[in-house]
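What follows is a structure written as structure tokens; I'll ask about it next.
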Amino acid sequence: MSNALHFFNQMKAARANRALSDMKERGLEPTKMLAWEVDCALYGVLVHAMEGHMKDARKLFQSMGKKGVEPGNVIYNMMIYGYGREGN
């Protein structure tokens with residue numbers, strides 16, 4: 001992976017983590033209290049932004065179940081794609 005692409009992916013993951021932290025601070029963390037579609041969309045955006053940083057993406061993915069949010073096919077596919085890109 002080129003240095004520029006690696007740097008870009010690091011920036012995306014950092015922004016996603018920062019956005020999730022900001023949401024939690026404001027009491028907007030995705031939970032089963034929101035509509036399922038909204039929760040999956042929020043998690044999907046964050047997982048996609050963490051492409052190239054599958055350790056962070058996996059933590060987020062695992063937190064979905066703890067929050068009572070069932071990942072849909074799109075999020076599973078994002079995880080599979082991300083691991084494939086990393087060679088795992």
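The values are calculated or read from the model by the stated rules, or taken from the named source; none is laboratory data. Since this is a predicted model, take the numbers as computed values, not measurements. Cβ: placed from backbone, ideal geometry, glycine included. Neighbour counts: every protein chain shown.
What pairs come up if the first residue lies in the stretch 31-54 and is more than 12 Å from ALA14 (Cα to Cα), the second is among the charged types (D, E, K, R) and modelled with pLDDT of 80 or more, and their beta carbons are under 6 Å apart, counting only those six or more places apart or on different chains?
MET54/GLU86
Do we find a residue being at pLDDT 70 or above and among the β-branched types (Val, Ile, Thr) anywhere in the stretch 78-88? Working first, answer last.
We begin by selecting, within the stretch 78-88, every residue at pLDDT 70 or above; these are 78-87.
Filter once more, keeping what is among the β-branched types (Val, Ile, Thr): 80.
Checked against the condition, which is being at pLDDT 70 or above and among the β-branched types (Val, Ile, Thr), the stretch 78-88 yields at least one hit.
Check the stretch 19-30 and report whether any residue there is surrounded by 17 or more Cβ atoms within 10 Å (Cβ to Cβ), farther than 19 Å from VAL69 by Cα and either modelled with pLDDT of 65 or more or touching a helix residue (DSSP H, G or I) at 6+ places or on another chain (Cβ under 7 Å) (or both). Spell out how you get there, then give the answer.
Kept after step one, since they are surrounded by 17 or more Cβ atoms within 10 Å (Cβ to Cβ), are these residues of the stretch 19-30: 20, 30.
Next cut, farther than 19 Å from VAL69 by Cα only: none.
No: the stretch 19-30 contains no residue that is surrounded by 17 or more Cβ atoms within 10 Å (Cβ to Cβ), farther than 19 Å from VAL69 by Cα and either modelled with pLDDT of 65 or more or touching a helix residue (DSSP H, G or I) at 6+ places or on another chain (Cβ under 7 Å) (or both).
Under 7 Å between Cβ atoms, at least 6 apart or on separate chains: pull out the pairs that start in the stretch 14-26 with a residue that is over 19 Å from MET54 (Cβ atoms) and end on any residue that is at pLDDT below 75 and not in a helix (DSSP H, G or I).
MET23/GLU29
How many residues does the stretch 71-88 hold that are loosely packed, with under 12 Cβ neighbours inside 10 Å and in a loop (DSSP other than H, G, I, E, B)?
2
Suppose we filter ALA41, ALA13 for residues that are of a type outside the set (Ser, Thr, Tyr), within 12 Å of the chain's Cα centre (by Cα), modelled with pLDDT of 75 or more and in a helix (DSSP H, G or I); which single one remains? Walk me through how you get there before you give the answer.
On the way: ALA13 fails: modelled with pLDDT of 75 or more.
Among ALA41, ALA13, only ALA41 is of a type outside the set (Ser, Thr, Tyr), within 12 Å of the chain's Cα centre (by Cα), modelled with pLDDT of 75 or more and in a helix (DSSP H, G or I).
Among the residues of the stretch 52-68, how many are assigned to a helix (DSSP H, G or I) and surrounded by fewer than 14 Cβ atoms within 10 Å (Cβ to Cβ)? Please lay out each step first, then the result.
Taking the stretch 52-68 first, the residues assigned to a helix (DSSP H, G or I) are 54-66.
Applying the additional criterion that residues be surrounded by fewer than 14 Cβ atoms within 10 Å (Cβ to Cβ) yields 55, 59, 62, 65-66.
Qualifying residue count for the region: 5.
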